[in-house]
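Peer 1: Pasting a structure here, questions to come.
Where a number appears in this text, it was derived from the coordinates with a stated rule and is not lab data. What you see is a predicted model; the values in this text were computed from it and never measured. Cβ placement follows ideal geometry from the backbone for every residue including glycine, while neighbour counts extend to all protein chains displayed.
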Amino acid sequence: MSALIFTIVLGIIVLYLGFTKNKAILAPVAIAGLGVSLILSIRDWGLGSKYFHDMILLDNFSIAFNISMIIITILIFLFGVDYYETMEFHVAEHYALMLFALTGAFLMTSFSNLIMLFLGIEILSIPLYVLAGGKKYSYRSNEASFKYFMLGSFATAIFLFGIALVYGASATFYLPEIKTYIAQFNGHLPPMLMVGLLFILIGVAFKIAAAPFHFWSPDVYEGAPTLVTAFMATVVKTAGFAAFYRLLGMGLLPLPPQLEKALWVMTGLTLLIGNLGALKQNNFKRLLAYSAISHSGFLMLAMLSQHDSSASVLLYYTFVYSLATVPLFIIFILMKRASDGLEDLTIFRGLYKAKPWVAVPAIVLLMSLAGIPPTSGFMAKYQVFVLSISQGILLTSIFAIIMAIIGVYYYFFVIREIFTDKQQPYPIIVSKINGALIIVCTVAVLFMGIFMWRLPI
Amino acid sequence: MILLIILLIPFITGLSLLFFRKAATARTVALISTVVNLLLTLSLLNADQSVTYSAQWINYLGIQFSLGYDGISTIMLLLTNLLFPFVVMAGFGRDQKNVPMLNCLILCAQAALIGVFLAQNAFLFYVFWELALIPVYFILLVWGGDDRKAITLKFFIYTLAGSLFLLFGIIYLYQLTPGTHTTDFSAFSQLHIPAGTQNWLFWILFIAFAIKMPIFPFHTWQPPTYKMASTQGVMILAGVMTKMGIYGALRFLFPVVPLGVLYWQNLVIIMSLIGVIYASVIAYKHTNLKTMIAYSSMAHISLMAAAMFVLNAYAYQGLIFQVLSHGVTIAALFYLACLVKEQTGTTEMPQLGGLKINAPNMAILFLIILLGSIALPLTAGFVGEFLMITGLFQQSIWFALFGGLTMILGAIYMLYAYQRVMLGDKKVAFAKATDLRALDYWILVPLIVVILGLGIYPQPIFDILKPVAEVFSGLAH
């Protein structure tokens with residue numbers, strides 16, 4: 001809990017530091033502050049404390065996800081040092097808004113009450129609507145912001161409506177109570193409750209960009225400033241899945257058969273649309289957006305294979321996925337600068353020739369996303385399949401494997417471009433801190449693939 | 001422990017090569033490493049086969065880092081470590097870009113292949129199986145010939161697609177194991193899976209191996225990949241990597257899904273025999289030397305696949321023997337094809353001809369290796385193919401008849417190709433073509449010695465195989 005409060009205060013401090021017009025101190029303060037949050041989170045480990053009339057339950061599940069998100073945010077801020085170097089205005093706001101969004105994410109991992117979940121989603125989303133429009137003079141950034149805001153608020157409204165319906169039926173917001181209430185019907189739910197649950201699931205599915213509620217994500221990922229895109233693709237997705245898992249595990253399981261079927265259809269669609277959509281993408285950010293959708297599909301497969309170790313697999317998967325995705329966005333930024341602002345896949349041409357020590361990490365990270373041993377991405381997928389196959393979900397697993405094969409194709413398409421010889425118009429400049437971070441992330445991705453198979457939860 | 005050392009020598013040497021700047025040093029270090037590995041492997045031949053290495057890896061998923069070997073692994077290991085010194089030597093004195101990186105990848109491929117053949121745990125096997133693919137992919141992508149980008153991607157996706165189904169199979173078997181689940185081969189072979197399950201599981205497991213070998217109709221990646229691959233790349237691919245498919249099938253299918261094997265036995269044999277004839281006919285009609293050799297390789301591999309599924313000791317011994325002899329022969333053949341390309345700038349046979357006049361020694365060595373490939377008596381190929389056809393004959397005379405066509409058709413297309421490449425009038429375009437360099441002898445002569453030596457005195461290999469063959473024929477009944 002102290003971590004949550006500290007992060008909010010930190011956000012306000014960073015916001016006010018913006019008035020000093022000294023950009024150089026923003027990132028160090030924010031990173032040091034997040035370091036403190038990290039320590040505060042670790043100190044709560046194992047306590048299982050409850051706050052606000054049990055509306056928040058800070059168990060190990062939420063702390064593990066919080067720590068994972070803090071680490072990824074620190075990573076993004078470290079990359080931000082170089083990214084915001086050339087930006088003149090509103091840098092403090094960027095850091096502060098990401099911190100506020102992070103607090104929303106904290107709530108999403110630790111709620112035990114639907115109202116808290118709603119608050120968490122809103123606190124996460126509203127800063128993101130602003131952040132997506134961070135490039136004030138770019139049409140696409142404005143479009144992304146507006147689109148995200150419109151669709152996001154629509155989804156929120158549906159979600160809220162769902163909460164209202166469930167409350168109307170069960171007269172409670174508390175998940176454990178809802179669970180006992182649902183259990184008494186033995187699978188034959190009254191229509192109001194059913195519709196309410198469906199709407200709640202739709203609201204959360206929108207956040208994790210599961211098909212058919214994924215339409216916003218490629219456009220928003222493409223238009224938003226790249227660092228914000230990295231934040232959305234990693235921290236927001238992690239928070240969304242933590243919330244989804246908690247919602248199911250704490251309140252809604254076992255799902256009535258109709259809803260379970262709906263979720264399975266969503267999983268299949270997400271896998272299909274994510275992977276087939278990525279095949280034809282020429283823009284790297286859109287490619288990663290569709291890749292994020294397809295990873296949502298694998299995560300949903302793990303989540304729906306209800307098993308004790310699902311949570312641990314989800315944590316591992318989201319963490320190693322984030323660890324690979326963030327540096328890839330940074331490498332994309334570097335190549336975009338070198339190619340005069342283009343965003344298509346050809347900007348990666350000549351990377352191997354010019355900077356082999358960046359190209360090799362890029363290849364390892366892409367292989368991790370594609371799920372090829374010995375990277376941690378493979379381990380994550382392996383554990384997902386162990387879960388799903390040992391639950392007897394054979395056909396969906398085979399379908400997911402076919403989709404994984406398609407996934408390999410588009411990631412290796414990028415790898416191919418890296419090896420194509422071409423001189424970019426400008427030299428590829430990699431600042432020391434970026435270079436070091438890219439290598440650290442790559443080593444972490446490999447290390448976790450070989451030696452660290454699960455994270456404590 | 002010695003197994004771990006054999007596995008780690010190429011891997012560590014390979015990574016350390018990245019710190020070298022000079023091409024010559026990198027090549028020499030790589031060669032020393034491969035030769036040391038060959039010597040260590042030879043020392044294993046005499047030891048009893050109880051040497052193992054085992055370490056805890058990921059306990060909660062039942063995965064152990066366990067290495068061990070038996071008769072089949074020994075032959076595979078021998079083939080790998082025998083060929084790799086020559087693969088490294090094939091780079092000597094040639095103009096290649098980024099030599100340290102190339103040799104690093106070659107040695108990493110060697111390490112991964114050794115891992116595949118030593119792994120006693122299905123998960124470990126799978127990891128090495130995939131790891132072997134990655135360096136080879138980059139060797140082909142960066143150092144390959146024309147049109148390499150599209151072809152390597154196809155090759156990679158095709159083979160990976162098969163392996164992912166294998167992964168599914170491994171996880172499925174894993175959750176069938178009793179008690180605390182494990183992915184050890186020994187636990188897999190003790191499973192008693194119902195016949196209905198075995199019938200579909202067979203294909204899930206087999207498809208990865210069928211693509212890797214490749215047998216008809218999963219072969220479409222192979223000819224273009226071989227054609228555009230660099231000398232070293234194709235030596236690894238055709239010499240060793242295709243044998244991974246055979247090895248994998250022997251490791252997985254027969255102990256784990258024996259009923260599935262019996263159920264699909266005839267279908268697979270017929271598919272393989274179709275492959276024999278199909279590949280031989282195309283090899284005859286094809287005008288490109290390298291593609292022709294690729295199809296000839298496919299014909300031989302198809303015969304091996306057919307022999308694998310007749311389930312008797314003759315065919316089995318012939319198969320394993322042929323693994324070794326085919327690996328050596330095909331690597332030598334491809335090396336020669338690449339020499340032809342170097343001398344003349346083309347491998348299109350209509351443009352070739354009359355090379356014998358400028359390069360008589362090359363023509364002689366080519367002829368010897370080519371005769372080894374068409375299984376002339378006193379070459380290693382004869383021993384293997386004779387035994388395999390004997391085995392096929394015990395199953396059905398028709399199988400033996402069509403299988404035997406490998407040798408006959410092989411003689412036709414190989415000699416026809418030889419005629420078009422080496423014989424004939426001197427062509428003006430090749431006036432500058434020269435004979436073999438000293439280095440080429442160092443590669444070709446030892447390989448020929450192996451081909452002839454095993455053909456004249458094959459007994460040592462059978463001594464290694466004997467215990468396994470008995471187990472195998474017992475299993476078939």
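Peer 1: Show the residues, 5+ positions off or on another chain, whose built amide H is closer than 5 Å to the amide H of B:Ser54.
Peer 2: Amide H to amide H, under 5 Å and 5 or more residues apart or across chains, B:Ser54 pairs with B:Leu67.
Peer 1: Now for a separate question. What is the Cα radius of gyration of chain B over 2.2 N^0.38 Å, N being its residue count?
Peer 2: Values: Rg = 21.4 Å, N = 477, 2.2 N^0.38 = 22.9 Å.
Dividing the Cα Rg of chain B by 2.2 N^0.38 Å gives 0.93.
Peer 1: Another question about this same structure. Could you list the trypsin sites (Lys or Arg not before Pro) in region A:123-168 that lie in coil according to DSSP, counting only those with at most 14 other Cβ atoms within 10 Å of their Cβ? Let's see the in-between values first.
Peer 2: Working: sites: A:Lys135, A:Lys136, A:Arg140, A:Lys147; in loops: A:Lys135, A:Lys136.
In loop regions of region A:123-168 (DSSP not H, G, I, E or B), the sparsely surrounded trypsin sites (Lys or Arg not before Pro) are A:Lys136.
Peer 1: Ok, one more. Over the whole of A:384-394, what's the average partner chain Cβ count within 10 Å per residue? Rounded to a whole number, please.
Peer 2: Details: counts 1, 7, 8, 2, 1, 10, 6, 1, 2, 0, 4.
Mean inter-chain Cβ contacts per residue within 10 Å come to 4.
Peer 1: Continuing with the same structure: So what's the back-of-envelope 222 nm ellipticity for chain A, counting only DSSP H runs of four-plus at -39500 (n - 2.57) apiece and dividing by all residues, rounded to 500?
Peer 2: Theoretical 222 nm ellipticity from helices: -24500 deg cm²/dmol.
Peer 1: I've got another one for you. Which listed residue (B:Met298, B:Gly93, A:Tyr84) has the Cα farthest towards the positive end of the charge dipole for the protein assembly as shown, taking +1 on Lys and Arg C-beta and -1 on Asp and Glu C-beta about the Cα centre?
Peer 2: It is B:Gly93, whose Cα lies furthest towards the positive end.
Peer 1: Taking the Cα centre of region B:263-477 as the origin, how large is its charge dipole in debye, to the nearest 20, when only Lys and Arg (+1) and Asp and Glu (-1) carry charge on their Cβ atoms?
Peer 2: Values: 10 positive and 8 negative charges, 111 e Å.
Dipole magnitude for region B:263-477 comes out near 540 debye.
Peer 1: Mind jotting down the distance between the C-alpha centroids of region A:151-214 and region B:369-433, whole Å?
Peer 2: Cα centroid of region B:369-433 versus Cα centroid of region A:151-214: 71 Å apart.
Peer 1: Shifting gears a bit: Taking θ as phi - 60°, what are the ³J(HN,Hα) couplings along region A:322-336 by the Karplus curve (6.51, -1.76, 1.60), each to the nearest whole Hz, with x for Gly and Pro?
Peer 2: Values per residue, Gly and Pro as x: 5, 4, 8, 6, 4, x, 5, 4, 5, 4, 4, 4, 4, 6, 5 Hz.
Peer 1: Name the residue from B:Met407, B:Tyr126, A:Leu255 whose Cα lies farthest towards the positive end of the charge dipole of the protein assembly as shown, charges +1 on Cβ of Lys and Arg and -1 on Cβ of Asp and Glu.
Peer 2: Value computed over the given set: B:Met407.
Peer 1: Same structure again: What FRET efficiency do you get for B:Leu267 and A:Tyr16 if R0 is 60 Å and r is their Cβ-Cβ distance, rounded to the nearest 0.05?
Peer 2: Numbers: r = 75 Å, r/R0 = 1.25.
Efficiency, rounded to the nearest 0.05: 0.20.
Peer 1: Follow-up question, since we're still on this one. What are the ³J(HN,Hα) couplings of region B:269-275, residue after residue, when phi is run through the Karplus curve with 6.51, -1.76, 1.60 and θ = phi - 60°? Round to Hz, x for glycine and proline.
Peer 2: Those phi angles translate into 4, 5, 4, 5, 5, 4, x Hz.
Peer 1: Further question on the same structure: Anything over 24 Å Cα to Cα? Flag those among A:Lys135/A:Lys285; A:Lys147/A:Lys207; A:Lys135/A:Lys336; A:Lys353/B:Lys432; A:Lys355/B:Lys97, in the order listed. Present the calculation step by step, with values, prior to reporting the outcome.
Peer 2: Numbers: A:Lys135/A:Lys285 16 Å; A:Lys147/A:Lys207 14 Å; A:Lys135/A:Lys336 16 Å; A:Lys353/B:Lys432 34 Å; A:Lys355/B:Lys97 16 Å.
The pairs that break the limit, which is 24 Å between Cα atoms, are A:Lys353/B:Lys432.
Peer 1: I would also like to ask the following. Give, rounded to the nearest 20 debye, the magnitude of the charge dipole that region B:5-116 has about its Cα centre when Lys and Arg contribute +1 at Cβ and Asp and Glu contribute -1 at Cβ. Intermediate values should be presented prior to the final figure.
Peer 2: On the way: 5 positive and 3 negative charges, 114 e Å.
Value, rounded to 20: 540 debye.
Peer 1: Per-residue HN-Hα couplings for region A:189-200, Karplus 6.51 cos²θ - 1.76 cosθ + 1.60 at θ = phi - 60°, whole Hz, x for Gly and Pro?
Peer 2: 7, x, x, 4, 5, 4, 4, x, 4, 4, 5, 4
Peer 1: Let me ask something else about it. So how do B:Met1, A:Met448 line up by other beta-carbon neighbours within 10 Å, fewest first?
Peer 2: On the way: B:Met1 9, A:Met448 22.
By the 10 Å Cβ count, ascending: B:Met1, A:Met448.
Peer 1: Further question: How big is the Rg/Rh ratio for the protein assembly as shown, C-alpha atoms only, Rh by Kirkwood, two decimals? Kindly include the intermediate steps, with their values, before the conclusion.
Peer 2: Working: Rg = 30.3 Å, Rh = 29.7 Å.
Using Cα coordinates only, the ratio equals 1.02.
Peer 1: Determine the calculated [θ] at 222 nm for chain B from helices alone, applying -39500 (n - 2.57) to every DSSP H run no shorter than 4 residues and normalising by the residue count; nearest 500 deg cm²/dmol. Intermediate results must be reported in sequence, preceding the final value.
Peer 2: Values: 20 runs with 359 residues, N = 477.
The per-residue figure over chain B is -25500 deg cm²/dmol.
Peer 1: Taking neighbour Cβ counts within 10 Å as the exposure measure, how do B:Val51, A:Val430 sort from fewest upward? Please list the in-between numbers first.
Peer 2: Details: B:Val51 13, A:Val430 19.
Final ranking by Cβ density, sparse to dense: B:Val51, A:Val430.
Peer 1: Next question, about the same structure. Is there a quick way to get the dipole size of the protein assembly as shown? I mean about its Cα centre, with the Cβ of Lys and Arg at +1 and of Asp and Glu at -1; what is the value in debye to the nearest 20?
Peer 2: Working: 48 positive and 34 negative charges, 349 e Å.
Around 1680 debye, computed over the protein assembly as shown.
Peer 1: For A:Ser309 and A:Gln258, calculate 0.36 nm times their separation in residues minus their Cα-Cα distance, and state this gained length in nm to one decimal. Before the final figure, lay out each step's value.
Peer 2: On the way: separation 51, 0.36 × 51 = 18.36 nm, distance 2.48 nm.
Length gained between A:Ser309 and A:Gln258: 15.9 nm.
Peer 1: Which FRET efficiency value, to the nearest 0.05, do you get for A:Ser431 and B:Ala150 by plugging their Cβ-Cβ distance into 1/(1 + (r/R0)^6) with R0 = 56 Å?
Peer 2: 0.95
Peer 1: Under a point spin-label approximation (7 Å from Cα along Cα-to-Cβ), what is the A:Ile8-B:Lys427 distance to one decimal in nm?
Peer 2: For the pair A:Ile8/B:Lys427, the computed spacing is 8.2 nm.
Peer 1: According to a simple spin-label model (label point 7 Å from Cα along Cα-to-Cβ), what is the distance in nm between A:Gln184 and A:Ile39?
Peer 2: 5.0 nm
Peer 1: Points 7 angstrom from Cα along the Cβ direction at B:Thr287 and A:Ile25: gap in nanometres?
Peer 2: Output for this residue pair reads 7.8 nm.
Peer 1: To continue, here is another question. Going by how many other Cβ atoms sit within 10 Å of their own, how do B:His326, A:His94 line up, fewest first? Before the final figure, lay out each step's value.
Peer 2: Details: B:His326 29, A:His94 26.
With the sparsest Cβ surroundings first, the list reads A:His94, B:His326.
Peer 1: Projected onto the charge dipole of chain A (+1 at Lys/Arg Cβ, -1 at Asp/Glu Cβ, origin at the Cα centre), which of A:Ile438, A:Tyr137, A:Pro212 gives the Cα projection farthest towards the positive end?
Peer 2: Highest projection toward the positive end goes to A:Ile438.
Peer 1: Give me the inter-chain shielding for A:367-380: mean count of other chain Cβ atoms within 10 Å, whole number please. Let's see the in-between values first.
Peer 2: Values: counts 2, 0, 0, 1, 4, 9, 12, 5, 0, 0, 0, 4, 3, 0.
Neighbouring Cβ atoms belonging to other protein chains average 3 per residue here.
Peer 1: Residues of region A:29-70 with backbone nitrogen within less than 12 Å of a virtual label 7 Å along the Cα-to-Cβ line of A:Leu119, please, listed as ranges.
Peer 2: Backbone N within reach: A:51-57.
Peer 1: What is region B:1-256 by shape, rounded, prolate or oblate, if you read a ≥ b ≥ c off the alpha carbon gyration tensor as root eigenvalues and call it rounded for a/c under 1.5, prolate for a/b larger than b/c, and oblate otherwise? Could the numbers behind the result be given before it?
Peer 2: Values: a/c = 2.15, a/b = 1.37, b/c = 1.57.
Oblate.
Peer 1: Also, I was wondering about something else. What is the set of long-range amide H partners of A:Asn283 at a cut-off below 5 Å, with H atoms built 1.01 Å from backbone N?
Peer 2: Long-range HN contacts for A:Asn283: none found.
Peer 1: Which trypsin sites (Lys or Arg not before Pro) from region A:286-380 combine a DSSP loop assignment with at most 14 other Cβ atoms within 10 Å?
Peer 2: Sites meeting the loop and neighbour criteria: none at all.
Peer 1: If amide H atoms are built 1.01 Å from N in the plane of the peptide, which residues on other chains or at least 5 residues away come under 5 Å of the amide H of B:Asp184?
Peer 2: It is B:Ala122, by chain and number.
Peer 1: At R0 = 35 Å, how high is the FRET efficiency between B:Ile364 and B:Gln459 if r is their beta carbon distance? Nearest 0.05 is fine. Intermediate results must be reported in sequence, preceding the final value.
Peer 2: On the way: r = 28 Å, r/R0 = 0.80.
According to the calculation, E is roughly 0.80.
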